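Below: one structure, written as structure tokens.
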Amino acid sequence: MSKHIIILAVPGVQLLDVSGPLDVFAEANQQRGREIYKLSIMAAGDQAVIPTSSGARMVADLSLHSPLPDAVDTFLVAGAPQLDEYLADQPLKEGIHRWSQHAKRFGSVCSGALLLASAGLLDGRRVTTHWSVAGKLTEDYPQVKVEADAIFIADGPLRTAAGVTSGLDLALNMVEEDLGRETALDVAAQLVMFFKRPGGQMQFSRHGQASVSGRSALQDVQRWVMNSLNYPHNVQSLALHMGISPRHLTRLFNQELRQSPAEWLEQQRVFHARQLLETGELAIKQIAAECGFSGVDILRRAFVRQLSVTPSQYQKHHIR
């Protein structure tokens with residue numbers, strides 16, 4: 001009997017959130033020479049034609065209001081750039097809850113995690129979502145254990161993917177669960193994708209890029225640091241620049257930015273290092289000095305902490 005995979009697509013859905021996972025499962029069918037997976041697109045309402053964020057249109061096979069079939073292997077909720085308008089839709093949330101509870105596995109791709117959370121399905125569970133909405137998921141649903149750097153997470157019957165192309169990674173992982181490593185390797189080879197993507201999703205984010213926030217005094221010290229990242233800044237030098245104690249500075253950073261001065265400083269240095277690595281113009285030793293790291297090893301450890309990859313690994317996949 002085929003494993004029925006259903007992906008819910010709300011109007012304005014990101015096309016790749018749907019088509020990416022479907023292509024992985026379809027390729028698994030090709031590799032095995034039979035229909036292991038039955039694939040369906042689900043509409044949120046009664047309109048079968050679903051507009052996507054790119055302007056392309058998809059045709060749904062069934063609706064959220066359709067009767068529950070005897071068995072559903074996997075029910076996934078795709079993300080959309082303008083998802084906020086759906087988070088208060090009670091019939092939509094009830095439908096998502098009903099189908100998720102009926103499926104053997106359920107989950108989301110990208111910002112679709114917000115819809116699962118609004119339906120009360122993520123409390124107490126480990127999840128990931130697109131880096132740009134991870135903060136909102138954490139703040140609006142404090143009972144959810146958000147792991148913002150993960151590409152995908154499996155927690156019991158729940159499967160969540162970070163963003164857009166990571167839906168392919170999630171689907172490939174489910175193929176490995178169902179059909180074994182060799183079939184998953186064959187699917188990855190045919191689709192020219194990583195079998196296991198190196199690092200986490202934060203290496204692709206622009207989170208932490210040069211910007212200022214908080215009260216004016218904090219913005220002043222942030223601008224000063226970002227214009228002189230090659231200096232050996234630390235908590236004491238920042239506090240001295242502001243004319244306050246290191247303890248007071250730390251309190252301000254935690255209140256206004258929700259992180260310590262040291263964490264913010266490392267984040268800015270790593271972001272600047274990313275920009276320099278992407279150009280390929282400087283050696284890593286030069287980049288470390290340019291960004292205020294005392295040595296290559298310190299730069300490397302900061303990179304692994306922030307992005308889960310080394311500078312060399314990052315440059316290999318991101319050089320312009």
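The values are calculated or read from the model by the stated rules, or taken from the named source; none is laboratory data. The structure displayed is predicted, hence computed values, not measured ones. Neighbour counts are summed over all protein chains in view; Cβ atoms, including those assigned to glycine, are modelled from backbone coordinates with ideal geometry. With ligands, DNA and RNA removed, areas are computed over all heavy atoms of the protein, side chains included. Shrake-Rupley method; radii C 1.70, N 1.55, O 1.52, S 1.80 Å.
Observations
- If you filter region 87-124 down to residues that are in a helix (DSSP H, G or I) and within 20 Å of the chain's Cα centre (by Cα), you find that the one that is surrounded by the most Cβ atoms within 10 Å (Cβ to Cβ) is A113.
- Candidates S2, S40 - the one that is of a type outside the set (V, I, T), at pLDDT below 95 and more than 12 Å from A171 (Cα to Cα): S2
- Qualifying residue in region 260-276 (condition: within 28 Å of the chain's Cα centre (by Cα) and β-branched (V, I, T)): yes
- Taking the criterion of being part of a helix (DSSP H, G or I) and open to solvent by less than 50 Å² (accessible area, probe 1.4 Å), the residues of region 9-25 that qualify are D17, V18, S19, G20, P21, L22, V24, F25.
- Among the residues of region 26-52, those that are part of a strand (DSSP E or B), under 22 Å from V187 (Cβ atoms) and open to solvent by less than 80 Å² (accessible area, probe 1.4 Å) comprise Y37, L39, S40, I41.
- Restricting region 150-171 to residues that are part of a loop (DSSP other than H, G, I, E, B) and open to solvent by less than 40 Å² (accessible area, probe 1.4 Å), the residue that is nearest to Q306 (Cα to Cα): A150
- When region 255-290 is filtered for residues that are in contact with a Pro (Cβ under 9 Å, 6 or more places away or on another chain) and polar (S, T, N, Q), nothing remains.
- All positions within region 53-71 that are open to solvent by 10 Å² or more (accessible area, probe 1.4 Å), in a loop (DSSP other than H, G, I, E, B) and over 23 Å from L137 (Cα atoms): S54, G55, A56, A60, D61, H65, S66, P67, L68, P69, D70, A71
- Failed condition for M174, given (1) touching a Phe, Trp or Tyr at 6+ places or on another chain (Cβ under 7 Å); (2) crowded, with 23+ Cβ neighbours inside 10 Å; (3) modelled with pLDDT of 95 or more: (1)
- Cβ separations smaller than 8 Å between residues 6+ apart or across chains give the following pairs from region 60-77 residues that are at pLDDT 95 or above to residues that are in a strand (DSSP E or B) and open to solvent by 40 Å² or more (accessible area, probe 1.4 Å): A60/V49; D73/K3; T74/K3.
- Candidate set: region 125-141, residues that are out of contact with any Cys (no Cβ under 9 Å at 6 or more places or on another chain) and part of a loop (DSSP other than H, G, I, E, B); chosen: the one least open to solvent (accessible area, probe 1.4 Å): T128
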